[in-house]
Amino acid sequence: MIHYKTPQEIEILKESSLLVGKTLAELAKLIKPGVTTLFLDKVAEEFIRDHGAVPGFLGYGGFPNTLCISLNDEVVHGIPSKREIREGDLVSIDCGTIMNGFYGDSAYSFSLVGMTPEVQNLVKVTKESLYIGIEAARKGNRIGDIGFSIQQYVESFGYGVVRELVGHGLGRNLHEKPEVPNYGRRGRGNKLKEGMILAIEPMITLGSEKIVQDDDHWTIRTKDHLPAAHFEHDIAITGSGTEILSSFAGIESEIKKNSYLLNF
Ligand code: MG
Ligand code: MG
């Protein structure tokens, strides 16, 4: 069953979504070679709690941390650890918050200096595909239109769309109906109606879309060990159009100031 939200509920959820963006912007100040993913996790947890929210992923399904940090061939659900970020890394950070009972859920792939042009293009195209998906998420369209648009765009570059992991409805629960695949067929699936909140999150691979799960039961990585990128926005279908509830603006302004991060 799909939970449609009132305009008031959308406003409340938006605060949570925006806090995720602010948290990721804090991290964008700190990402550099030598920093551990666990350090970033601690900073994020403290920042979220200092802003009147709680980490949305911590304890969810037994997940042990605040952030999912996935490097290079890791697609999603990487567990923060003492591992250090290095030059040339692709660092995907997914963050969730719960504020006033509603989840925010947003992700950004950061590019460290020294990244090959080939991987830079993957990151760029993945971000573009998110906005192309959002463009298709219009009232009256269907869920399949979103995935179709994303898939068509990224496959034109020879990239892969992960099949097993998808976007989702968002609200008082982190994962609500409907599922939002990043692949699909035009005109298929649920109709997009006013009050829907969706997390759209393309997970795109440089090579094959085949994935495997590590023995930690969380980390998802590409089977061919080629890199993958991940961007996620929360959007609402409203009476006046589609609104992006989360924001990358703060993140991207910090990226410009951080000489260890590539800005494109
Ligand atoms: Mg997420
Ligand atoms: Mg999500």
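The values are calculated or read from the model by the stated rules, or taken from the named source; none is laboratory data. The structure presented is a predicted model; accordingly, all values stated were derived computationally and were not measured. Cβ coordinates were reconstructed from backbone atoms using ideal geometry, including for glycine residues, and neighbour counts include every protein chain displayed. These area figures cover heavy atoms from the full protein model, side chains too; ligands, DNA and RNA do not enter into them. Shrake-Rupley method; radii C 1.70, N 1.55, O 1.52, S 1.80 Å.
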Quick shape check on segment 1-123: root eigenvalues a ≥ b ≥ c of the Cα gyration tensor, a/c under 1.5 is rounded, otherwise prolate if a/b tops b/c, else oblate, and it reads prolate
For segment 157-264 the translational diffusion coefficient, Stokes-Einstein from a Kirkwood Rh over Cα pairs at 20 °C and viscosity 1.002 mPa s, in µm²/s, is roughly 133 µm²/s
Per DSSP loop assignment and a cutoff of at most 16 other beta carbons within 10 Å, the chain keeps its longest run without exposed trypsin sites (Lys or Arg not before Pro) at 1-81
Residue by residue through segment 85-91, the couplings from Karplus 6.51 cos²θ - 1.76 cosθ + 1.60 with θ = phi - 60°, in Hz, x for Gly and Pro, are 6, 10, 3, x, 6, 9, 10
The set of residues whose placed amide H lies less than 5 Å from the amide H of MET115, leaving out same-chain residues fewer than 5 positions away, is GLY88
For LYS257 and GLU135, extending 7 Å from Cα along the Cα-Cβ vector and measuring point to point gives, in nm, a value of 3.2 nm
A chain fully extended from TYR60 to VAL113 at 0.36 nm per residue, minus the present Cα-Cα distance, gains in nm 15.8 nm
Those helices of the chain passing the 30 Å axial Cα length cut-off and the mean Kyte-Doolittle cut-off of -0.5 (DSSP H runs only) are 7-30
Sorting LEU67, LEU262, LEU206 on solvent-accessible surface, 1.4 Å probe, most exposed first, gives LEU262, LEU206, LEU67
Listed by chain and number, the lysines with an alpha carbon less than 27 angstrom from that of LYS22, same-chain partners under 8 positions apart left out, are LYS5, LYS14, LYS32, LYS42, LYS82, LYS124, LYS127, LYS177, LYS256, LYS257
Largest fluctuation, GLY62, GLY250, GLY158 only, Gaussian network model of the chain with Cα springs under 10 angstrom, belongs to GLY62
Residue-normalised 222 nm signal for the chain, counting each DSSP H run of n ≥ 4 as -39,500 (n - 2.57), nearest 500 deg cm²/dmol, is -10000 deg cm²/dmol
For VAL212 the rounded accessible area (nearest 10 Å², probe 1.4 Å, non-protein molecules ignored) is 50 Å²
Result for the chain: accessible area per residue, probe 1.4 angstrom, in square angstrom, of 42 Å²
Segment 7-257 -> Rg/Rh from Cα coords, Kirkwood Rh, value 0.94
Neighbours of LYS191 by Cβ distance under 9 Å: Lys/Arg at +1, Asp/Glu at -1, summed charge +3
Per the C-alpha gyration tensor (a ≥ b ≥ c, the square roots of its eigenvalues), segment 75-179 is rounded if a/c is under 1.5, else prolate if a/b beats b/c, else oblate; here it's oblate
Sorting LEU165, GLY189, TYR153 by the position of each Cα along the dipole of segment 149-190 (Lys, Arg +1; Asp, Glu -1; all at Cβ), the one nearest the positive end of that ordering is GLY189
Hits in segment 18-37: amide N under 17 Å from the 7 Å Cα→Cβ extension of LYS82, namely 34-37
Taking protein heavy atoms only, a 1.4 Å probe, and rounding to whole percent, the accessible area of segment 1-86 owed to carbon and sulfur comes out at 56 percent
If one builds a Gaussian network model of the chain from Cα atoms under 10 Å apart, the most fluctuating residue listed among GLY195, GLY34, GLY56 is GLY34
Taking Lys and Arg as +1 and Asp and Glu as -1, residues besides SER129 with C-beta under 12 Å from its C-beta add up to -3
One checks the Cα atoms of segment 1-72 and finds Rg and Dmax, in Å, of 14.3, 45
Accessible-area order for VAL123, VAL166, largest to smallest, probe 1.4 angstrom, reads VAL166, VAL123
Extension length gain for GLN213 and ARG172 (0.36 nm per residue less Cα distance), in nm, is 12.0 nm
